[in-house]
Amino acid sequence: MTAELRDRSQARGPRDTQGLPEPDDLSARLAELARRHGIIGAAVAFSRGGAVVEACTGVLNTRTGAPVTVDSLFQVGSVAKAWTATLVMQLVGEGRLSLDQTVRSVLPDFAVKDEDVAASVTVRQLLAHTAGFEGDVFVDTGRGDDAVEKLVALLADAPQLFPPGAMWSYNNAAYCVLGRIVEVLRGMPYATALRTHIAAPLGLSHVATCADEAILYGTAVGHTGGGPVPLWSLMRSNEPAGSCLAMRARDLLAFAHMHLRGGLAEDGTRVLPEDLAVLMREPQIGLPDLGRPSSWGLGWSLPEWEGGVVVGHDGSTPGQEASLRTVPEAGVAAVLLTNGGDPGPLVTELFQPVIEELAEVRAPAPPVPPAVPLAVDLPRYIGRYLSATAAWDVAADEVGSLWLTVTPLGVMAEHGKSQRFRLVRLRGDTFLFAEPQGGVHPAIPFVGGERIDFLHTGRANPRQEPLSIT
């Protein structure tokens, strides 16, 4: 990649309107941080009171050198779950669905391994990630309009990790089920429903639901350390969970604006009833101690910041990362999209500080290891914790340090290798990585009573067997 291409950047927006950053300053700051931290390409957009400023830098693909523009499409990954939740809530608003009705009332053949759960799990539990069945079922069921339907049928073998409603555990498969509910009640494929019931009434012009559409735009390709990734998107079967959706930053911001306006598009079109837009960001369940206080709504993450709750969602696909944040009380929304490199420094040095200034809120300080090491009851935590996509082996060394070895499994084995991390106790049953990852020390809570039952990584990974001290 040449320096000339890396230095290309764009900015667009009003100057000093609603306290937003000056466009040229934002562009220069973004470009400088991207160069410093090895970001391939990035786009950022901020809004307050309807005014928008946006900037971009870098390239879409290191093979072509095509520059990122403010109209470039990036994959948004799991941010698409907020779109799926919105499609579901539209059906609630029309009286065609209720949050506490069972999945089986819409999908009579729905099944998971636990028949009692299959018969009783509700739409609300799917939305809030409390359904409790295995949530990572990444199977390519083809590119046809029946891809989601086929994936949902495969959940008949999905094991139950905990009773519905008992705990929060991030669940991609649950959102595939929600997507299938949308398909059945709308009588159309998920992607068609998304375009018809969200993108069209919002007047979005740069949205793609598949590679066939994305190729019509300037579209980012994901990058890892080895260069461009060998595929543009993940399988269509998981599109309601975020495997395929791509858009420019401004269009994702328009979706956020609709929610901030209580369900209204910019032209006054009613996209979602106001009471349901508000309900979506009301807490449904608290999260385990992942280092910072947070809860989850109906499709939204609700981290607690000083001065207010910040509503949003993050997403990732191979080589691409996306972040959407809103502060409803301040009328502030923000989007960050990247296609390679570690976006962490962009978040901590640009994205988050601008949100704090615009909305007069402050993110909690990330946790750090205590100055004086805390005692650890080693046998309480030692063991193997297993999910469909990773094995988490916790062991102790001869000096009493706790170590975590993470081994990707299944489809994830193609995208990574085993890694080993030393853990230090933060408080209670919550531990931190001793060495920072992307500038922060990730928190890992162990969950249980007298006996630890789960290692929680955002997903509840059930304990399998004890390991020896080595």
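The values are calculated or read from the model by the stated rules, or taken from the named source; none is laboratory data. Remember, predicted model here, so these are calculated numbers, not experimental data. So basically every Cβ, Gly included, is an ideal-geometry build from the backbone, and we count neighbours across all protein chains shown. The protein model used for the area step is the full one, side chains on, heavy atoms only, and it has no ligands, DNA or RNA in it. Shrake-Rupley method; radii C 1.70, N 1.55, O 1.52, S 1.80 Å.
Odds and ends about this structure:
- Within segment 215-253, being among the hydrophobic types (A, V, I, L, M, F, W, C) and surrounded by 24 or more Cβ atoms within 10 Å (Cβ to Cβ) holds for Ala220, Val221, Ala241, Cys244, Leu245, Ala246, Met247, Ala249, Leu252.
Quick grid of which residues meet (1) free of Cβ contacts under 8 Å to residues at least 60 places away in the same chain; (2) buried (at least 19 other Cβ atoms within 10 Å of the Cβ):
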residue: Trp83; (1), (2): no, yes
residue: Val112; (1), (2): yes, yes
residue: Ala119; (1), (2): yes, no
residue: Val137; (1), (2): no, yes
residue: Ala158; (1), (2): yes, yes
residue: Gly187; (1), (2): yes, no
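- Identity of the residue in segment 85-110, more than 30 Å from Leu337 (Cα to Cα) and assigned to a helix (DSSP H, G or I), that ends up least open to solvent (accessible area, probe 1.4 Å): Val103
- Among residues of segment 407-452, those that are closer than 22 Å to Phe162 by Cα and among the β-branched types (Val, Ile, Thr), counted: 4
- Some residue of segment 267-277 being surrounded by 20 or more Cβ atoms within 10 Å (Cβ to Cβ), closer than 22 Å to His441 by Cα and more than 16 Å from the chain's Cα centre (by Cα): no
- Residue count for segment 404-420 under the criterion of being open to solvent by 40 Å² or more (accessible area, probe 1.4 Å) and among the aliphatic types (A, V, I, L, M): the result is 4.
- Some residue of segment 157-168 being within 20 Å of the chain's Cα centre (by Cα) and closer than 26 Å to Leu290 by Cα: yes
- Among residues of segment 23-46 being among the charged types (D, E, K, R) and free of Cβ contacts under 8 Å to residues at least 24 places away in the same chain, the one that is least open to solvent (accessible area, probe 1.4 Å) is Glu32.
- Summed over segment 303-352, the residues that are at pLDDT 95 or above, more than 16 Å from His37 (Cβ to Cβ) and of a type in the set (A, V, I, L, M) give a count of 10.
- Counting only residues that are of a type in the set (A, V, I, L, M, F, W, C), in a helix (DSSP H, G or I) and either without any contact (Cβ under 8 Å) to a residue 12 or more places away in the chain or within 25 Å of Val92 (Cα to Cα) (or both), segment 194-246 holds 6 of them.
- The sole residue among Ala147, Ala128, Ala153, Ala158 that is in contact with a Ser or Thr (Cβ under 6 Å, 6 or more places away or on another chain) and among the small types (Gly, Ala, Ser) is Ala147.
- Condition broken by Leu126, with the remaining ones in (1) in contact with a Phe, Trp or Tyr (Cβ under 9 Å, 6 or more places away or on another chain); (2) assigned to a loop (DSSP other than H, G, I, E, B); (3) surrounded by 24 or more Cβ atoms within 10 Å (Cβ to Cβ) satisfied: (2)
- Lone qualifier among Gly315, Gly291 - being open to solvent by less than 50 Å² (accessible area, probe 1.4 Å), touching a residue at least 12 places away in the same chain (Cβ under 8 Å) and not in a strand (DSSP E or B): Gly291
- Condition met for Gly49 (closer than 21 Å to Thr326 by Cβ, at pLDDT below 95 and either hydrophobic (A, V, I, L, M, F, W, C) or surrounded by 18 or more Cβ atoms within 10 Å (Cβ to Cβ) (or both)): no
- Annotation for segment 323-335: at least one member residue is within 16 Å of the chain's Cα centre (by Cα), of a type in the set (Lys, Arg) and open to solvent by 40 Å² or more (accessible area, probe 1.4 Å).
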